[in-house]
1. Quick one: which of 228, 195 is buried (at least 17 other Cβ atoms within 10 Å of the Cβ) and outside the structural domain of residue 296 (by TED's automatic domain parsing)?
2. All but one of (1) at pLDDT below 95; (2) more than 14 Å from residue 195 (Cβ to Cβ) hold for residue 134; state the number of the condition that does not hold.
3. For region 9-16, state whether one or more residues are without any contact (Cβ under 8 Å) to a residue 24 or more places away in the chain and touching a helix residue (DSSP H, G or I) at 6+ places or on another chain (Cβ under 8 Å).
4. Quick one: which residue in 344, 332 is buried (at least 20 other Cβ atoms within 10 Å of the Cβ), closer than 29 Å to residue 123 by Cβ and modelled with pLDDT under 95?
5. Need at least 2 residues that are free of Cβ contacts under 8 Å to residues at least 40 places away in the same chain per element, so show me which strands (runs of 3 or more DSSP E) inside region 150-264 make the cut, counting only ones lying wholly within it.
6. What's the number of the condition residue 23 fails, among (1) surrounded by fewer than 16 Cβ atoms within 10 Å (Cβ to Cβ); (2) within 18 Å of residue 99 (Cβ to Cβ); (3) in contact with a strand residue (DSSP E or B) (Cβ under 9 Å, 6 or more places away or on another chain)?
7. Going by the conditions given, is residue 119 modelled with pLDDT of 90 or more and surrounded by fewer than 22 Cβ atoms within 10 Å (Cβ to Cβ)?
8. Here is a list: 183, 217. Which entry is modelled with pLDDT of 95 or more and more than 13 Å from the chain's Cα centre (by Cα)?
């Protein structure tokens, strides 16, 4: 049993000396008591302005609004300093402005504008926005799509924020309820689709000026393409390396669009990698993680964005960390299907 006053040491990256936080005291209150500035707003868990990244240790979070801190953000190690009371010595960092995607949550009704094949199992879905347009988000985020009579599923936007049409790349999954709608031609132009969002924390950090690694597996190209096109549209000139990893030649898609981007932007390098080619090929082959290990020896100042099947995301992330990339600079969205894990993110 602890006797006397219990204090925990909480290191804050942006504050020179550790904070001494009393048991039951919030990190934000301790920062104020010590005379330090700390980004904040409501101080009651409703605005998210004090959102921080927990780097080491464990905290307890008092009640807060999900609009201030989503379950996805909490799972990724985000906390609210005004709601966080340490349970042991900790280390945190408050989030820079471009680490927070502050877009209002929207619920819109759209109509199918186009549904076209991209590969044997990926479909391009374009949705036309009606009342309430435009739909703003941070490049790399996703929305929840609701098809009539079916459970909602999450898909990443491939279009640029604020565009007239929303674009999604939907993979047809055997046994999937939404896949049956898409793959069997039961969804038609003009049909209504509910859209809610935006969601997600794997989005382009627009203030970043270092190298960018953009890694896509299959239909994970949707958010990765959105991120790359957004960076280029902002005039970013740092090296951007886009990798598309697929199984075989018939899984490659949007190659012309990628080639056009590379021709216009000399700082963009594109590699298409086949993991299981069934015929001789001039492309690079093998697991995408292996190709990364061959191409890089250090990743100083880089940020990485990953989207695709969980195994691809996990193996590539491990290689990136081995190469010295800080986990804070590795932004990943693993795509799960409803068949793989009921209720999880669906690619």
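The values are calculated or read from the model by the stated rules, or taken from the named source; none is laboratory data. Computed from a predicted structure; not experimentally measured. So basically every Cβ, Gly included, is an ideal-geometry build from the backbone, and we count neighbours across all protein chains shown.
1. That would be 195, the only listed residue that is buried (at least 17 other Cβ atoms within 10 Å of the Cβ) and outside the structural domain of residue 296 (by TED's automatic domain parsing).
2. Going through (1) at pLDDT below 95; (2) more than 14 Å from residue 195 (Cβ to Cβ) one by one, residue 134 breaks only (2).
3. yes
4. Exactly one of 344, 332 is buried (at least 20 other Cβ atoms within 10 Å of the Cβ), closer than 29 Å to residue 123 by Cβ and modelled with pLDDT under 95, namely 332.
5. Numbers: elements: 153-156, 165-171, 192-199, 212-217, 240-246.
The strands (runs of 3 or more DSSP E) meeting that bar are 240-246.
6. Among (1) surrounded by fewer than 16 Cβ atoms within 10 Å (Cβ to Cβ); (2) within 18 Å of residue 99 (Cβ to Cβ); (3) in contact with a strand residue (DSSP E or B) (Cβ under 9 Å, 6 or more places away or on another chain), the lone unmet condition for residue 23 is (2).
7. Here the answer is yes, as residue 119 does meet what is asked.
8. Criteria check complete, one pass: 217.
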